[in-house]
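The structure appears below as C-alpha cells.
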Amino acid sequence: MPLTITPPPAVTTSGPAPAAKRRNRGDRFYRGILTALALCLPLLLVTIAAELVVGAGPSIRRFGFAFLGRSTWDPVAEVYGAAPMIFGTIVSSLLALVIAVPLALGVAVFLTEFAPKWMRQPVAFLVELLAAVPSVVYGLWGVFVLIPFLRQVAVPPLRALLGWTPFVSGVFYGNSMLASGVILAIMIVPYIAAVSREVLLAVPGSQREAALGLGATRWEAVWSAVLPYGRAGVIGAVMLGLGRALGETMAVTMLIGNRHDISLSLLQPGYTMAAALANEFSEATTSLYLSALVEVGLILFLITIAVNAAARLLVWRVARGTAAGSKAL
Amino acid sequence: MSARAIRRRLSSAVMTGLVFALCAAAVLPLLFILADLIHKGASSIDWNFFTHTPVPAGQTGGGVAHAIVGTGIIVGLACLIGLPIGIGAGVFLAEYGGGRLGWIVRFVADVMNGTPSIVVGIFAWTWLVRPVHHFSALAGGAALAMLMVPMLARTTEEMVRLVPHSLREAALALGYPRWRTSLKVMVRTALAGIVTGALVGVARVAGETAPLLFTALGNLNFTTNVAQPMQTLSLQIFVYATGPFEEWHRLAWAAALVLMGLVLTLAIAARWATRQRYGAS
C-alpha cells in the first residue's frame, strides 16, 4: 500500500536542512534493506528453477520427451522413464480431491453460513490444527491405523460394490494408491477449507440478504447466491489443495508401496514423483540416475508452480490481496 | 403450506444436516490421530526416552535425546536465516509493496508457499551438500528457512497492514522520519502478530521431514556440531516407522507424540498470542 502521507518538506531558503538530509538518508537506507530482503524471494525461486534445469540437463538431453512417456525405470541399464510416477502422482491427488472437496466445502459452508457463533472459532481452530500435524505423523498413523482399517472395514464392501470394475482388482496388501489417496485427502482438507472459508467470508452480506429477501430458504441462498459469487475463489482453493497433494512426500512415501508400475486398480501399489525422490535420491549412484531424479523434481516443481499460480490468481479475484490460506498453518 | 414450499424447506433442512455431517467427518481424523498417539505413544515415554540415545536394533530401551536436541538446533538455524528475511520482506510488502515489485514478491511468496518441500530439499542438496561433499545440519536448517520465508513474509505483511493508518499519520505529523515511523510505530504495534506468524512458521517446519532427508540426513549419535549430519524427531519417526522391529514402532509412536506435543504447543501459543491482541480474528 503506498503511503498517502509524506513527511513535510523542510522549509528553508538554501536547500534542505542537515536534519532533513540525514532523515532522507535513513529512509533510503531502510527502504534499500527491505527491498533487498524482499528480492530474496523472487531470486530464490529463479535460482531453484535454474538449478533444477541445470541438474536435469543430462537426462533431458539423453531421453528428451520420451522420459515422460516411458514406464521403465532401470538404474542398471540406465534407462529412465517417469510415466508411472506421473500417473501415480495425478491419480493419488485426484482421488484425494474427490474425497476432500465435499468435506472441505462442508466445513467452509457450515462455518460461514450455518454454525452458531460460539462454534465457529473452535471448529475452525480444530481444522487448522489438522494442517499442523506433520506429514510423517500422518504417515505413521496411516501405516499402523489407516491401512488395517482399510483392509478390515473399507475394502471388502468396496470390492462388493465395484468388483466388476478394474479399479478394485488384485490382492490388497495395504500399501496402495487407495491408502495414499485417503491420507492425502485428510491432509488437504484443512487447506481447502481454510481458503474456501476466507472466500465465503468475503462474499458480501447483501448477496445473502437479497436471496433471503426474495424468499429463498437458507440452503437456497447459499447454493444460488453465495457459492456462485465465490465460485472462482472456491475453485482456487481446490487447486491449492491439489498443489499440496501433488507435492506431498512423507505420508505418501510410507503408504503408496513405491512400485514403478501403472495399475488401474486403486488397491495396488504405485509411486509418486515426490515419493521416488524421497526414496531414491540418496541412493542414486550414477550421474545419469541423479540427473533423471532431478528431472523428476523439475517436472514436479513446474506442475505445482503452474497449479499454485492459477489457484492464487483465482483466489485473488474474490478475496482481493488477502493472504488467503496463510492462516492455515 | 403448498407441497412445493414443504419440499423446499425439507431440502434446506436436509442439506444443512449434510453440511454439518461433512464438517464433523472432516474434524474426526484429528481426534482419531490424537487419541492413537496418546494411546500408543504415552506408555513408552519415560525419563530415559528424553535422556538417552538409541540402543542397537533388537535391544529394548533407548531414547531420542539426540533427535530432540537436533530438532531444536536445526529449527534454530532455520529461524536465524529465515526470520530476518521473511519479516523484512513482509514489512517491505506492507510499507512499499504497492508497485510492480510488490506484486511480484507477493505472488512469488504465495506460489512458493505451495512448492513441494522435497523440491526445496533437492535444491538445498545441490547448493549446500554437493559442493562440500558432506551432509550437514546447516544445510537442513537452510532448507527449512527457505520454506519459512514465504509464509513469514505474507503473515508479517498482513499483521503490519492491520495497524491503523492514524498511528502512522500521527507519527509522521510529529516529524518522525519514515523509517522510524515504520520500525517504532508500525512494526512495534504489529509485533504480537508478527511473533504469531513466526510461531506458526516454526510449528510448520519443525515437523518437516522431506527437505531434511538429504541435507541433515539423520544421525544415530548425539551431536551438536552443525557441520555434521544431525537427527531430528521427524527423521527418527520415519526411520522407526518404516523399520521392521516392534520396538522401533513403539518408539516411533512415542517420538510422534513428542513431536505433536511440540507442534501443537507452538500452534496453540500462536493462536493465544493473537487472541490477546486482536480478539477473535
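None of the figures in this text is laboratory data; all of them are computed from the coordinates on show. Here the structure is a predicted model, which is why all the values come from computation and not from measurement. Note that we place each Cβ from the backbone using ideal geometry, even for glycine, and neighbour counts take in every protein chain shown.
For the reader, a short list of remarks on this structure follows.
- Normalised convex hull volume, chain B, alpha-carbon set, Å³ per residue: 216 Å³
- Shielding value for B:199-212 is 4, the average number of Cβ atoms from other chains within 10 Å of each residue's Cβ.
- Remark: mean inter-chain Cβ contacts per residue of A:206-217 equal 1, using a 10 Å Cβ-Cβ cutoff to other protein chain atoms.
- Computed over chain A, the quotient of the alpha carbon radius of gyration and 2.2 N^0.38 Å is 1.27.
- FRET efficiency, residue A:90 to residue B:174 (Cβ-Cβ, R0 45 Å, nearest 0.05): 0.15
- Peptide A:113-122 - average C-beta neighbours from other chains (10 Å radius): 2
- The simple spin-label model puts a point 7 Å past each Cα toward its Cβ; for residue B:25 and residue A:47 those points are separated by 4.6 nm.
- Both radii were evaluated on the Cα set of the stretch B:31-79; the Rg over Rh quotient, with Rh as the Kirkwood radius, amounts to 1.08.
- Among A:253, A:165, A:304: highest mean-square fluctuation, GNM of chain A, C-alpha pairs under 10 Å: A:165
- Packing-based ranking, highest mean first, of B:187-194, B:235-242 given that Cβ atoms within 10 Å are counted: B:235-242, B:187-194
- Diffusion constant of the stretch B:97-187 at 37 °C, which comes from Stokes-Einstein with the Kirkwood Cα-pair radius and 0.692 mPa s, µm²/s: 208 µm²/s
- Using θ = phi - 60° and Karplus 6.51 cos²θ - 1.76 cosθ + 1.60, couplings along the stretch A:101-116 (whole Hz; Gly, Pro as x): 4, x, 4, 5, 5, x, 4, 5, 5, 4, 6, 8, 10, 10, 5, x
- Sorting A:289-298, A:306-315 by their mean Cβ neighbour count within 10 Å, with the most densely packed peptide first, gives A:289-298, A:306-315.
- Close amide-amide hydrogen proximity is noted between residue A:79 and A:74, each under 5 Å apart and 5 or more residues distant or on a separate chain (H modeled in the peptide plane; Pro and chain starts excluded).
- Under the Karplus curve 6.51 cos²θ - 1.76 cosθ + 1.60, θ = phi - 60°, whole-Hz ³J(HN,Hα) for the stretch B:162-174, x wherever Gly or Pro sits: 6, 5, x, 4, 4, 5, 5, 4, 4, 5, 5, 5, 7
- A simple rule links phi to the HN-Hα coupling: the Karplus curve 6.51 cos²θ - 1.76 cosθ + 1.60 with θ = phi - 60°, which for the stretch B:13-27 gives 5, 4, 5, 4, x, 4, 4, 5, 4, 4, 4, 4, 5, 6, 7 Hz, with x for Gly and Pro.
- Counted by Cβ distance under 13 Å from residue B:8, the other residues give a net charge of +3, where Lys and Arg count +1 and Asp and Glu count -1.
- Considering the stretch A:104-161 at the alpha-carbon level, its Rg and Dmax are found to be 16.1, 43 Å.
- √(5λ) per eigenvalue of the Cα gyration tensor, the stretch B:198-265, largest first, Å: 19, 17, 10
- Overall, the anisotropy analysis places the stretch A:37-166 in the oblate class: the square-rooted eigenvalues a ≥ b ≥ c of its C-alpha gyration tensor yield a/c not less than 1.5, with a/b not exceeding b/c.
- Fraction of C-alpha pairs exceeding 16 angstrom in the stretch A:254-310: 53 percent, rounded to a whole number.
- Translational diffusion of the stretch B:80-127 was estimated from the Stokes-Einstein equation, with Rh taken as the Kirkwood radius over Cα pairs; at 37 °C and 0.692 mPa s the coefficient is 273 µm²/s.
- The Cα trace of the stretch B:153-262 gives Rg and Dmax of 21.7, 69 Å, the first to one decimal, the second as a whole number.
- For the protein assembly as shown, dividing the convex hull volume of the Cα atoms by the residue count gives 188 Å³ per residue.
- The stretch A:95-227, Cα convex hull volume normalised per residue, Å³: 135 Å³
- Whole-angstrom Cα spans of the stretch B:176-221 along principal axes, big to small: 54, 19, 17
- Length-normalised contact order of the stretch A:22-142 in % [C-alpha pairs under 8 Å, at least 6 apart]: 9 percent
- Equivalent ellipsoid of the stretch A:209-273: semi-axes from √(5λ) of the C-alpha gyration tensor, largest first, are 42, 13, 9 Å.
- Between the stretch B:75-118 and the stretch B:35-58, the alpha-carbon center distance in angstrom: 38 Å
- Sorting B:148-154, A:104-110, A:125-131 by average packing, meaning the other beta carbons within 10 Å per residue, from highest down gives B:148-154, A:104-110, A:125-131.
- Averaging 1/r over each pair of different alpha-carbon atoms in the stretch A:183-295 and inverting the result gives 17.2 Å, the Kirkwood hydrodynamic radius.
- Label-to-label distance, residue A:165 versus residue B:103, with points set 7 angstrom from Cα along the beta-carbon direction: 4.4 nm.
- Distance (nanometres) between label positions extended 7 Å along Cα→Cβ at residue B:224 and residue A:117: 5.2 nm
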